[in-house]
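Here, each number is a calculation from the coordinates, and none is a lab measurement. Please read these numbers as outputs of a predicted model, since none were measured by experiment. We place every Cβ from the backbone using ideal geometry, glycine too, and count neighbours over all the protein chains shown.
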Amino acid sequence: MKKAKQIIILAALLLPTVVIAGEWTPPVDIKVSYVHLNHGGYGFYEISDTSRNPDNCNTSWYVVSKQNNPIFNEIYSLMLASHMSGKQVRLFIQGCSPHGHPEIMHVKTVK
């Protein structure tokens, strides 16, 4: 039993640890929205506050949502509705697109 415990502890120490950076933006206005076909398709959004860039992407004036994201349609709908109504959203951004823009993983509306 002691040997099994030692093997489990050793395996846990040797396995790589994945650290995923990500961060919520402050409430932002969506200034521009458009869809882009290259690299599998994206929704591009220019936002009013680009101070958050947790993965140090090359450019942060636009944030993107990949079309292969399982909730792309929901993200796009919420972003477009917020843009058209002038309401603010908060975005959870994580990772960088091939263009060097932060990627949107989650969106929530703000009153």
Summed residue charge, Cβ within 12 Å of Ala21's Cβ, Lys/Arg positive, Asp/Glu negative
-2
As computed over region 21-110, the Cα convex hull volume per residue (Å³)
77
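Sum up the charges of everything whose Cβ sits under 15 Å from the Cβ of Val110, counting Lys and Arg as +1 and Asp and Glu as -1, but leave Val110 out. All intermediate terms of the calculation are to be shown ahead of the outcome.
Values: positive: Arg52, Lys87, Arg90, Lys108, Lys111; negative: Asp29, Asp49.
Here the charged neighbours net out to +3.
Trypsin sites (Lys or Arg not before Pro), restricted to region 52-88: which are DSSP loop and have at most 15 other Cβ atoms within 10 Å? List each step's numbers first, then the result.
Working: sites: Arg52, Lys66, Lys87; in loops: Arg52, Lys87.
Passing both the DSSP loop test and the Cβ count: Lys87.
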Tell me which residues come under 5 Å, amide H to amide H, from Val35 once H is placed; ignore anything under 5 positions away on its chain.
Phe44
